[in-house]
1. Sorted by accessible area with a 1.4 angstrom probe, largest first, how do B:F194, B:F6 fall?
2. Can you give the angle from 0 to 90° between the axis of helix B:36-53 and the longest principal axis of chain B, with both taken from C-alpha atoms, to the nearest 10?
3. Provide the FRET efficiency to the nearest 0.05 for the A:K260-A:R118 pair, computing r from the beta carbons and using R0 = 25 Å.
4. On the principal axes of its Cα set, how long, how wide and how thick is region A:171-270? Give whole Å, largest value first.
5. Compute, for B:M257, the solvent-accessible surface of its heavy atoms (probe 1.4 Å) with the complete set of protein chains present, and express it in square angstrom to the nearest 10.
6. Per 0.36 nm of contour for each residue apart, how much would the distance between B:A290 and B:S7 grow if the chain were fully extended, relative to their Cα-Cα spacing?
7. Please report the antiparallel percentage of the DSSP beta bridges confined to the protein assembly as shown, to the nearest 5.
8. When the accessible area of each residue in region B:12-43 is compared between its chain alone and the complete protein assembly (1.4 Å probe; ligands, DNA and RNA ignored), which residues differ by at least 50 Å², being lower in the assembly?
2 protein chains.
Amino acid sequence: MFEKLFSKGGLTLERLRGFMSMAEAGSIARAAPDDANRQSQISRQIRELEEFFDVELTRRKGRTLSLSPAGARLASLIREQLQDLEDFRRDQRGLPKSFTIGAGASVLEWLVVPALPRLAELLGGATLLIQPMRSRSLAEAVSEGRADFAILRRDAIPAAKSVLPLVKLGFVICIPERLIPQGVSDRQASHPSFWRDLPFAAGRDGGQLDLAIRAAMADAGVDYRPRFECGSILQARQLVDMGECAAVLPALGLRGMDRKRIRVLPFAPMKGYGRGLVLHWNERQTRRRAVDASTIQAMARSLVLTVREPGP
Amino acid sequence: MFEKLFSKGGLTLERLRGFMSMAEAGSIARAAPDDANRQSQISRQIRELEEFFDVELTRRKGRTLSLSPAGARLASLIREQLQDLEDFRRDQRGLPKSFTIGAGASVLEWLVVPALPRLAELLGGATLLIQPMRSRSLAEAVSEGRADFAILRRDAIPAAKSVLPLVKLGFVICIPERLIPQGVSDRQASHPSFWRDLPFAAGRDGGQLDLAIRAAMADAGVDYRPRFECGSILQARQLVDMGECAAVLPALGLRGMDRKRIRVLPFAPMKGYGRGLVLHWNERQTRRRAVDASTIQAMARSLVLTVREPGP
DNA sequence: TTCAAACATGACTTTTGAGTCATGTATCCT
DNA sequence: AGGATACATGACTCAAAAGTCATGTTTGAA
């Protein structure tokens, strides 16, 4: 049946793996950082596979490589196959499967991480690998099978399939009461002119979310110069909790916030910004890896609950 | 990601292939007939895989081997993987895919073979491999992915999924006019007592079909001692065409029969016997190998037409 | 135009696993 | 009991592929 695959030699798992690692990393150099030997080896292994299949798997693009259509297909094929073999191996040893979940950094922090134990349980005690990513590449990662699941904005997914709605991404402005003079109403505090003199904390992770907040502030005519520029929005929130700063946060990030000490108001300038967050998955993967629809639904439910439940 | 698969060595495509060939053949000896070297090699390759995965893949059963559950799973995994690699290879060379169709010997002869050119066309010019099999093992072959399609009796399939009805399997008795005295009506000729002195031709291929005919004759009180016992029912039909013998044939087998010279009557004793023939396929395979539902429907339709159309 | 990064290649050595052969052991059949 | 069948194993040889190192080519950027 498969004589042609073996009759002339040249096809080995090592070679397939070498090619795949380049395909996943996007370049040979990134597939084997600081290892010139391995790099030259991968380069050669790719050539050997190209000879075997008699097809161009990569194309030079600038001084790095990109995948040809055939290469992209072969790469995702190999990923599936190695994944299946790995699942088999782990199963036989009684080890749990391992799933990859991708999301933007802030969603990971606030939505995914708190839900991780429950998600792992739903997936049969699986090992979970969380992968921070920009939403653009998330949809791609799912469709290529590099991630089993992703949590991202609905509008970042081309097709409307394999999607379950989670929560609406809204934004609030959080101001510690101690920064608000006596007698200032919610209405007054919601007005941009009131924000002018507040000390703000902002995330500066270069993510879309952070950029959107800055843009919205500019639109509202506020000269937004945060006193603290934190590495992540999670850190900004800590400053809010400490009563030191105000901050614009995604509504997701309110778990455990003390409403007596912190006034939480809708952040009008970004009213139209947030689309719904969804749980997205790769149908082909979940089917192959025996994750059934009810499990995925339960995962979505537990992600929704995570937001609603009071924090620890 | 897949370090564990490669860090200690021991996993190679050759070994996986060796194991799979044993799994498909049912024993090492049958996987490599008359090749003691290859046999010892396969035996060793299986052991090496067992060491790698740290699991028993085979069990001794008498003096031959059978698969453990893990072995069965691994074998079907490997088959899929090699199949995908082979599909990829052929695609890149512009070669057609190759599909396996299983059916009982008589169904193959009368239903499948005449439809083959059209089926191949529907499957994108695919190479078709036809595989004669008893119906019991057919359903199994499909579910294990050893066959992509099968044509078999509906009741031979456990689940009712991935099935399209084709034709009802009915039986007729065919009697050359020259063996029928003047003035004998259809009604008279349909009566078992009339058959007593006819020279019959029978297939004796040991298939269920042949056995069922013999049992039905016995039930009808006919001392059924065919004059000719042919190797296949197709040969029996030739004798009917020649005007030498009468025979009980499946209604499928009437294509091109000259109704002026041969009287064709329903064979009452087997009225309840025939269940519907269906086209059955492996959903997982067809999905993976990109055969869409409409193609399968078209295949079923063309198989039905094959029976209805006049023969060449 | 010069440099460094990213990949390619030639010319090896080393390791692994495929392939061969002789022989051993359990099981079935007669 | 005796022989044949089916698989297992030890002890090799040989080929293929992995791994190493030096060096070459192309390309982007300073």
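1. Ranked list, largest accessible area first: B:F194, B:F6.
2. 60
3. 0.30
4. 37, 30, 22
5. Looks like 20 Å² after rounding.
6. Taking B:A290 through B:S7 to full extension adds about 98.5 nm, to one decimal.
7. 65
8. Output list: B:L13, B:R17.
The values are calculated or read from the model by the stated rules, or taken from the named source; none is laboratory data. Please read these numbers as outputs of a predicted model, since none were measured by experiment. Here the Cβ is made from the backbone with ideal geometry for all residues, glycine too, and neighbour counts use every protein chain on show. Accessible surface is based on the protein model in full, side chains and every heavy atom, while ligands, DNA and RNA are left aside. Shrake-Rupley method; radii C 1.70, N 1.55, O 1.52, S 1.80 Å.
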